[in-house]
Amino acid sequence: MNSKLLATGFSLMCFFSMSAEKYTIQSPDNRLSVTVSTGTNTTYQVDFDGKRILDPSPISMTFDNGASIGRNMKVKDVIKDSSDKIIKPVIRQKSASIRDNYNSMKLLSDGYNIEFRVYDDGLAYRFHTDFPDSLKVLSEEATFCFPADFDALFPEERTMLSAQQPVFKPMKLSEIATDKFCSTPILLKADDKVRVFISESDLESYPGMFLRKQGKHELAGKYAAVSLEDYRTDDRQIFPTKRADYIAKVNGTRNFPWRAMIVTDNDANLITNQLIYKLAPESKGDFSWVKPGKIAWDWYNALVLTGVDFKCGVNNDTYKYYIDFASRNNIEYVVIDDGWSEAWDVTKTIPEINIPELVAYGKNKNVDLILWVSWAPFREKIDEAFDKFNEWGVKGIKMDFMNRDDQEMVDFYYEVARKAADHKMLVDFHGAYKPTGWIHTFPNVLTSEGVAGLENHKWGSFVTPKHNVTLPFTRMVAGPMDYTPGAMKNLHEKDHQINFNLPASVGTRCHQLGMYVVYESPLQMLADTPTAYEKEPECMQFLSQVPVVWDETKVISAAVGEHIIVARRNGDTWYLGGMAGEKGGSFEIPLDFIKGNKTMTSWEDGVNVDLNAEDFAVRTKKVKAGDKISISMYDGGGFAAIIK
């Protein structure tokens, strides 16, 4: 088919629908408006402050029972409602309380309904079906027809068998080829002010949403089909080799995932937005046992210790050293990463490792253990493994290498989260798709990867300061982000060299320290080796104090890909974190959020940081409410401070 005709066809589908009726709902502050039209196609359009953000965009689902909901929709009733309540999150990722304020509209038809929620800072819709029997979802139409050639940060993917660790490429919509697709979330820029963020929430027993380019300014949902046959590798992986002609097999009565869109007129609001969290179902049961904390991590630093009298590696002596380090520095956990178990049996350790002995050693020093597992061997013995880990006294798992989000894999995530909760164990998903509200539904799932983080410095230089200050406005908006910061070997981008066992980060030392306040992860890694940290007592003065959960968050200054400065409160103490992209600068911080007289200790890029990225200075000064402080961050630099 002629590509120009194909593009025109998609555009016509976006703009024309034989509308029988129109239904409108607005945000509580009336700035955001959604207009739904029903008829041949059901479409929705979005306006913000009177400006079109989304042209009429078709939505529908097709099932193997012949139903095509959203097509030729006959609305039987319209239910409008509003909600304004306060959520007290079990895990304080951003704040101790969250206002959940929205207007809703539910369009009821035969056998299904479509619900829209509109908040001051975003909107979402979802389908609900009431069919009597289970059925197969053949396709879902989730279309985003933009009115102009918006700028996008396009997280391109080459395959749907992906760990979803993209670099966010700046592109015009028109520059994205029609054969390209991306993972979500994605961030678009409508003009100098308005930002549009697209992702999903409450993804249960359904494939994750990718977005493919269609037409000139349109994106459309793309979903992995159900796996029918797979192949087991020697490297503890299972890959689909044959897929079905449908994307999900579902119960006839159920809610489908929320298709979520954040709309804001400044970059800072993306940092404090909690739409994905609010849309997810609330947790059930008691999660008071969940303990967030920092983790001493072994894999990034290849277990390389110096000045010790034993051979470092995957053995008890090495992990006892990690436990000792964690205990001295108020670090709650040590993770034992790859190599501790037999390849396909996670209930059996290698001879050099004795988990009960390490657990007992850690318990005497107030340090708990988390075990890394590869998902495929873990799935084969999931119940036996959880029981064994409980018997050993392990407090959590770090599950890795899933690298897909078809229905089968999403189901497995939920199985792991539930069974971990039953065993009072924490979960960190690695090799994972982005979070979709897990921490609201399962507060024991404290963090996840799905991000191109620090470990990529072991084999590449593409994780740059610009990338690092893009993540808070993109991937982190979806939920907690296990970037694994904390490198003590730091090089400027022009000087970066790859060394797998002795890696260095790109950017300054304070760029790394700033991450501990900027990046949200209620399980936060210290990625470098204990002996590297022991040579940096001034950095450990900060890292041993900085918390991982927050009662309050304030964004001081923010620009996507350029810089970010955040203030966060835990108890009566405030923490400041700053990160600069390619270009640094000077910034003024008004201390209007503190009360009374305080002492501020700051970690700042040093006077010779241009010559050595590891150069920093520690300064202490008296401050009081209403003061203004000036800070400077070098190119790829950063800033951190404690005010108490």
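The values are calculated or read from the model by the stated rules, or taken from the named source; none is laboratory data. Remember, it's a predicted structure, so these values are computed and weren't measured experimentally. All Cβ positions, glycine included, derive from the backbone under ideal geometry; neighbour counts span all protein chains shown. Heads up: the accessible areas ignore ligands, DNA and RNA and are worked out on the full protein's heavy atoms, side chains in. Shrake-Rupley method; radii C 1.70, N 1.55, O 1.52, S 1.80 Å.
Key figures
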{"read-out": "Conditions (1) in contact (Cβ under 8 Å) with a residue 60 or more places away in the chain; (2) open to solvent by less than 30 Å² (accessible area, probe 1.4 Å): number failed by SER37", "value": "(1)"}
{"read-out": "Odd one out for SER521 among (1) of a type in the set (Ser, Thr, Tyr); (2) within 18 Å of THR447 (Cβ to Cβ); (3) surrounded by fewer than 24 Cβ atoms within 10 Å (Cβ to Cβ)", "value": "(3)"}
{"read-out": "Residue within segment 461-482 that is surrounded by fewer than 24 Cβ atoms within 10 Å (Cβ to Cβ) and over 26 Å from ASN273 (Cβ atoms) present", "value": "yes"}
{"read-out": "Whichever residue in segment 283-317 is among the polar types (S, T, N, Q) and surrounded by fewer than 22 Cβ atoms within 10 Å (Cβ to Cβ) and, among such residues, is nearest to ARG259 (Cα to Cα)", "value": "SER283"}
{"read-out": "Among residues of segment 566-575, those that are outside any strand (DSSP E or B) and open to solvent by 40 Å² or more (accessible area, probe 1.4 Å), counted", "value": "1"}
{"read-out": "Identity of the residue in segment 483-492, assigned to a loop (DSSP other than H, G, I, E, B) and either within 20 Å of PHE542 (Cα to Cα) or basic (Lys, Arg) (or both), that ends up most open to solvent (accessible area, probe 1.4 Å)", "value": "LYS489"}
{"read-out": "Tally of residues being in a strand (DSSP E or B) and closer than 26 Å to ASP29 by Cβ across segment 114-141", "value": "11"}
{"read-out": "3 or more residues open to solvent by less than 60 Å² (accessible area, probe 1.4 Å), among the hydrophobic types (A, V, I, L, M, F, W, C) and within 21 Å of PHE154 (Cα to Cα): qualifying strands (runs of 3 or more DSSP E) within segment 200-282", "value": "258-264"}
{"read-out": "Exclusive hit being of a type in the set (D, E, K, R), crowded, with 21+ Cβ neighbours inside 10 Å and either modelled with pLDDT under 95 or out of contact with any Lys or Arg (no Cβ under 7 Å at 6 or more places or on another chain) (or both), set ASP528, ASP495", "value": "ASP528"}
{"read-out": "Among (1) open to solvent by less than 20 Å² (accessible area, probe 1.4 Å); (2) in a loop (DSSP other than H, G, I, E, B); (3) closer than 26 Å to TRP297 by Cβ - the single one GLY578 does not satisfy", "value": "(2)"}
{"read-out": "Pairs with Cβ under 6 Å, 6+ apart, first in segment 95-123 and surrounded by fewer than 17 Cβ atoms within 10 Å (Cβ to Cβ), second of a type in the set (Phe, Trp, Tyr)", "value": "GLY111/PHE131"}
{"read-out": "Neighbours by Cβ (under 9 Å, 6+ apart or cross-chain): first from segment 153-176, on the phi > 0 side of the Ramachandran plot; second open to solvent by less than 40 Å² (accessible area, probe 1.4 Å) and aromatic (Phe, Trp, Tyr)", "value": "GLN164/TYR433"}
{"read-out": "Residue ranges of helices (runs of 4 or more DSSP H) in segment 502-547 with at least 1 members in contact (Cβ under 8 Å) with a residue 24 or more places away in the chain and basic (Lys, Arg)", "value": "509-518"}
{"read-out": "Conditions (1) open to solvent by less than 50 Å² (accessible area, probe 1.4 Å); (2) among the small types (Gly, Ala, Ser); (3) out of contact with any strand residue (DSSP E or B) (no Cβ under 9 Å at 6 or more places or on another chain); number of the one not met by SER174", "value": "(1)"}
{"read-out": "Scan of segment 603-630 for residues that are crowded, with 21+ Cβ neighbours inside 10 Å and either outside any loop (DSSP other than H, G, I, E, B) or among the aromatic types (Phe, Trp, Tyr) (or both), ordered by number", "value": "TRP603, GLU604, ASP605, PHE616"}
{"read-out": "For HIS457: the one exception among (1) assigned to a helix (DSSP H, G or I); (2) closer than 21 Å to VAL334 by Cβ", "value": "(2)"}
{"read-out": "Conditions (1) within 18 Å of GLU200 (Cα to Cα); (2) small (Gly, Ala, Ser); (3) surrounded by fewer than 24 Cβ atoms within 10 Å (Cβ to Cβ); number of the one not met by GLY431", "value": "(1)"}
{"read-out": "Residues satisfying the stated conditions in segment 548-565, i.e. within 27 Å of MET171 (Cα to Cα), open to solvent by less than 30 Å² (accessible area, probe 1.4 Å) and either among the acidic types (Asp, Glu) or in a loop (DSSP other than H, G, I, E, B) (or both)", "value": "GLY561"}
{"read-out": "Residue list for segment 521-554, filter: out of contact with any strand residue (DSSP E or B) (no Cβ under 6 Å at 6 or more places or on another chain) and among the aromatic types (Phe, Trp, Tyr)", "value": "TYR533"}
{"read-out": "Selection within segment 340-376 - open to solvent by less than 10 Å² (accessible area, probe 1.4 Å), assigned to a helix (DSSP H, G or I) and within 14 Å of LYS388 (Cα to Cα)", "value": "ILE355"}
{"read-out": "Residue count for segment 190-199, restricted to those that are open to solvent by 60 Å² or more (accessible area, probe 1.4 Å) and touching a residue at least 60 places away in the same chain (Cβ under 8 Å)", "value": "1"}
{"read-out": "Given (1) touching a residue at least 40 places away in the same chain (Cβ under 8 Å); (2) within 28 Å of LEU454 (Cα to Cα); (3) part of a loop (DSSP other than H, G, I, E, B), number of the condition LEU187 does not satisfy", "value": "(3)"}
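Here's the yes/no breakdown for (1) crowded, with 17+ Cβ neighbours inside 10 Å; (2) more than 20 Å from ALA190 (Cβ to Cβ); (3) at pLDDT 95 or above; (4) more than 30 Å from the chain's Cα centre (by Cα):
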position: ALA20; (1), (2), (3), (4): no, yes, no, yes
position: ASP29; (1), (2), (3), (4): no, no, yes, no
position: ASP47; (1), (2), (3), (4): yes, no, yes, no
position: GLY50; (1), (2), (3), (4): no, no, yes, yes
position: ILE87; (1), (2), (3), (4): no, yes, yes, no
